[in-house]
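Undergrad: For reference, the structure I am asking about is given below.
Any read-out appearing in this document is the output of simple, stated calculations on the displayed coordinates, not a laboratory observation. These numbers come from a predicted model, not from an experiment. Positions of Cβ are generated from backbone atoms using ideal geometry, with glycine treated the same way; all protein chains shown enter the neighbour counts.
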Number of protein chains: 2
Amino acid sequence: MSRWEPNARERLVRAAVESFAERGYDDVTVAEITERAGLTKRTFFRHFADKREVLFAGQDILSRLFAEGIAAAPAGATPIEAVAAALTATEPAFGPDRREQARTIRQVVADHSDLRERSLLKHAKLTAAMAETLRERGIPDPAASLAAEIGGLAFTTGFARWVDPANERSFGEVAREALSELVEATAKLG
Amino acid sequence: MSRWEPNARERLVRAAVESFAERGYDDVTVAEITERAGLTKRTFFRHFADKREVLFAGQDILSRLFAEGIAAAPAGATPIEAVAAALTATEPAFGPDRREQARTIRQVVADHSDLRERSLLKHAKLTAAMAETLRERGIPDPAASLAAEIGGLAFTTGFARWVDPANERSFGEVAREALSELVEATAKLG
DNA sequence: CCTGTGATGACACCTGGTGCCATCACTGTA
DNA sequence: TACAGTGATGGCACCAGGTGTCATCACAGG
């Protein structure tokens, strides 16, 4: 637990997101972020592996929730049902109070190729974790990877809809909707 | 066209791949690569946007082949048939003479997170291009994204099998095989 | 009051990456 | 043959991201 002014990590995230939103990702130096947060450059890199990582602070928790959600699905569930359960399990990470910052971060990331890369890596780790958990449940491999990929697509689509300013529904709701649309589309591919 | 010693770009790629294979990606500086190639650091960054990019030199051509392959598929083809045609269309990029270097690069990339990121970005651009081309063919959107994602999965799986030292078959063959396995798995998801 | 521990500060240093200008090899033209 | 133009390279200064190392500070516990 931190002494001095507490919440160093959160202060860094806030300072970074605000600075990026104001002036763009690469017109903001790490030194400027830490100055705004009342800390030093060295401390920033103790909390985050690199400059990008400050924007993906909550993502790892999400991956864990997702994998746990799949593991906790009833034993007889089909792959898609397990994925739906996982989408529901991540619900707590998407409180209405987080939409504002999520929207800001989403915009910053969309505007910068380096950040899109990092986002894709997180997404890939998420689907890899899903696929692994599905395999542990006994789903053989082409199906496990495929279900994970569809789950990732549902997650991304659901997140985009949830963040939309016109949206009023919860994340779980829009994400499960996206998933069922994808399942329907499955029949029209052949 | 280059003067002086020609093929500066190819020399840089060779020098980089060999150095990375010998000593690992981040124990090799750009200065060392350019020295080995008989050039300077400044010239390296004229040919490649950053240090990673030297390992993904051919990737953009591949994306183009893929998209063109889909566009060139017969008008009545289903999404999956179009994807299969695209996989076939990339065949020329996978000559037997390229397997050796492809295998080396694959290993270097697998060992380094930064490079995995870049690889994922290329992969994402490839599937995005596929999805876009499918939409232009009149496939509506959940299906277009889904088919593109499955195509990407088939591509990745096929590439892994093609590169395998024990493999003797062509890329198109193993990739189409991976695709049909994925289509079969589709039925078992519900 | 003392000592240990964990987080932070301070500083030097390396490397990826860029801007800027000079230089060289070659081409086309007079 | 001479000369100007073009395109690729070299050289150099410079910035910012990222790391290693040690000092320092606040607190806990004895």
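Undergrad: Please tell me if A:Ala84 is within 16 Å of DNA strand D (Cβ to nearest atom) and either surrounded by 12 or more Cβ atoms within 10 Å (Cβ to Cβ) or assigned to a helix (DSSP H, G or I) (or both).
TA: Against the criterion (within 16 Å of DNA strand D (Cβ to nearest atom) and either surrounded by 12 or more Cβ atoms within 10 Å (Cβ to Cβ) or assigned to a helix (DSSP H, G or I) (or both)), A:Ala84 does not qualify.
Undergrad: Quick check on this structure: which one of A:Leu179, A:Leu115 is more than 26 Å from B:Val83 (Cα to Cα), among the aliphatic types (A, V, I, L, M) and more than 7 Å from chain B (Cβ to nearest Cβ)?
TA: Of A:Leu179, A:Leu115, the one residue that is more than 26 Å from B:Val83 (Cα to Cα), among the aliphatic types (A, V, I, L, M) and more than 7 Å from chain B (Cβ to nearest Cβ) is A:Leu115.
Undergrad: Restricted to the stretch B:127-145, and to residues that are touching a residue at least 60 places away in the same chain (Cβ under 8 Å), part of a helix (DSSP H, G or I) and within 12 Å of another protein chain (Cβ to nearest Cβ), which residue is surrounded by the most Cβ atoms within 10 Å (Cβ to Cβ)?
TA: Among those that are touching a residue at least 60 places away in the same chain (Cβ under 8 Å), part of a helix (DSSP H, G or I) and within 12 Å of another protein chain (Cβ to nearest Cβ), it is B:Leu134.
Undergrad: Against the condition away from chain A (no Cβ under 14 Å) and of a type in the set (Val, Ile, Thr), how does B:Val83 come out, does it pass?
TA: No: the conditions fail for B:Val83.
Undergrad: Going by the structure shown, is A:Ala8 hydrophobic (A, V, I, L, M, F, W, C) and touching a Leu at 6+ places or on another chain (Cβ under 7 Å)?
TA: When the stated conditions are applied, A:Ala8 passes them.
Undergrad: Of (1) under 18 Å from the mean Cα position of the chain (by Cα); (2) more than 14 Å from A:Glu81 (Cα to Cα), A:Glu136 satisfies all except one. Which?
TA: That leaves (1) as the condition not met.
Undergrad: Name the residue that is farthest from DNA strand C (Cβ to nearest atom), counting only residues in the stretch B:37-57 that are free of Cβ contacts under 8 Å to residues at least 12 places away in the same chain and within 25 Å of the chain's Cα centre (by Cα).
TA: B:Arg46
Undergrad: In addition: Considering only the stretch A:1-74, give the helices (runs of 4 or more DSSP H) lying wholly within it that have at least 1 residues that are within 13 Å of DNA strand D (Cβ to nearest atom) and more than 25 Å from A:Lys125 (Cα to Cα).
TA: A:8-23, A:30-37, A:41-47
Undergrad: Check the stretch B:89-99 and report whether any residue there is more than 16 Å from DNA strand C (Cβ to nearest atom), surrounded by 14 or more Cβ atoms within 10 Å (Cβ to Cβ), away from chain A (no Cβ under 14 Å) and among the aliphatic types (A, V, I, L, M).
TA: Scanning the stretch B:89-99, I find at least one residue that is more than 16 Å from DNA strand C (Cβ to nearest atom), surrounded by 14 or more Cβ atoms within 10 Å (Cβ to Cβ), away from chain A (no Cβ under 14 Å) and among the aliphatic types (A, V, I, L, M), so the answer is yes.
Undergrad: Find all pairs meeting these conditions: Cβ atoms under 7 angstrom apart; at least six residues apart or on different chains; first residue within the stretch A:105-118 and farther than 20 Å from A:Arg14 by Cβ; second residue of a type outside the set (A, V, I, L, M, F, W, C) and part of a helix (DSSP H, G or I).
TA: A:Asp114/A:Arg52; A:Glu117/B:Glu117; A:Glu117/B:Arg118
Undergrad: For the stretch B:146-176, how many residues are more than 15 Å from A:Leu146 (Cβ to Cβ) and facing chain A (nearest Cβ under 10 Å)?
TA: Of the residues in the stretch B:146-176, 0 are more than 15 Å from A:Leu146 (Cβ to Cβ) and facing chain A (nearest Cβ under 10 Å).
Undergrad: Does A:Val108 satisfy the condition of being within 14 Å of chain B (Cβ to nearest Cβ), surrounded by 15 or more Cβ atoms within 10 Å (Cβ to Cβ), within 21 Å of A:Trp162 (Cβ to Cβ) and aliphatic (A, V, I, L, M)?
TA: It is false that A:Val108 is within 14 Å of chain B (Cβ to nearest Cβ), surrounded by 15 or more Cβ atoms within 10 Å (Cβ to Cβ), within 21 Å of A:Trp162 (Cβ to Cβ) and aliphatic (A, V, I, L, M).
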